[in-house]
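Colleague: Can you keep this structure in mind? I'll have questions shortly.
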Amino acid sequence: MKDRLVLPAIGALSSLVVLGVGVVLLGQQGAVRRHDGGSVLPALNAFLNGASALLLTAGYFFIRRKRVTAHKLCMLTAFGVSSLFLVSYLIYHYQVGSVPFGGTGVIRAVYFPLLISHITLAALIVPLALVTIYRAWNAEFEKHARIARWTLPLWLYVSVTGVVVYWMLYRLSPPQ
C-alpha cells in the first residue's frame, strides 16, 4: 500500500528534477549568456561528482564485507553529495546557460556521445537512487539489492563521466 503512494511521488520528483534541468539549460538559450571563466562552480561540480564516485565505491566495498553501517553512511553521503551537485549545477547553468564545447576534430566525436550518455543516465539515476534508498529504508533488502545491482554501476558511470565531461569542457578545450 505504501508503495502506491511513494513510488508515484518518486516518479513525480524525478520528473521535476529532469524538467528543472531542462528548463535551466534550454530555457536560457534566448538570453545572452557567456562562459564565466572565473566561476568556481564547474570545478566544485566535478569535485562533488568525484566525491560521489569515491563514496559509492567505498559503500560497495563496505557492503561486500558486511559492514552495513559504513555502507549506509557512504551511500547516504553519496546521495547528499550528488544532491549538492545538482543544486550547484542548476545555480551555475541558470547564470550562464548551456556552455558550448570548443573542441574540434576527433575530440568532438568523443565528447558528444559521452555527454549524451552522461545526461541520459543522469536522468535515469534520480528515480533509481530514490527507489534504491527507499527499499533499504524500509528494510526490503532483497528488493534493495536487486535494484542496487543496476543503480550502482549506472550512478558510478554518471559520477565518473561528470568529471570527464568537466575536464573535456573546461580544461581540455575551454569554451569561448
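Just so it is clear, none of the values below were taken in a lab; they were calculated from the coordinates. Please read all numbers here as calculations on a predicted model, not as lab measurements. Cβ sites come from the backbone with ideal geometry, for glycine too, and all protein chains shown count toward neighbours.
Colleague: For the chain, find the longest principal axis of its Cα atoms and tell me its angle to the long axis of helix 41-64, 0 to 90°, nearest 10.
Modeller: 20 degrees
Colleague: On full extension of the chain, what length is gained from S39 through F61, given 0.36 nm per residue of separation minus the C-alpha to C-alpha distance?
Modeller: 4.4 nm
Colleague: Packing-wise, with mean Cβ within 10 Å as the measure, how do 43-53, 70-80 rank, highest first?
Modeller: Per-residue mean Cβ counts within 10 Å order the peptides as 43-53, 70-80.
Colleague: If one computes the Cα centroid of the range 118-165 and of the range 77-100, what distance in Å separates the two points?
Modeller: Cα centroid of the range 118-165 versus Cα centroid of the range 77-100: 18 Å apart.
Colleague: Highest mean first, how do 146-152, 127-133 rank when packing is the count of other Cβ atoms within 10 Å averaged over residues?
Modeller: Taking the mean over residues of other Cβ atoms within 10 Å, the ranking is 127-133, 146-152.
Colleague: Ok, one more. When only Cα pairs under 8 Å and 6 or more residues apart are kept, what is the percent relative contact order across the chain?
Modeller: 33 percent
Colleague: Would you mind checking the tilt of helix 141-166 against the longest principal axis of the Cα atoms of the chain, expressed as 0 to 90 degrees and rounded to 10?
Modeller: That helix lies at roughly 20 degrees to the long axis.
Colleague: What FRET efficiency do you get for L84 and A109 if R0 is 22 Å and r is their Cβ-Cβ distance, rounded to the nearest 0.05?
Modeller: Values: r = 32 Å, r/R0 = 1.46.
So, using R0 = 22 Å, E works out to roughly 0.10.
Colleague: Hey, another quick one. Rounded, prolate or oblate, given the Cα gyration tensor of the chain, with a/c below 1.5 counting as rounded?
Modeller: prolate
Colleague: Test of understanding: what is the full-extension gain from L121 to A139, defined as 0.36 nm times their sequence separation minus their Cα-Cα distance?
Modeller: In short, 3.8 nm is gained.
Colleague: Kindly express, to the nearest 10 degrees and within the range 0 to 90, the angle between helix 68-96's C-alpha long axis and the longest C-alpha principal axis of the chain.
Modeller: 30 degrees
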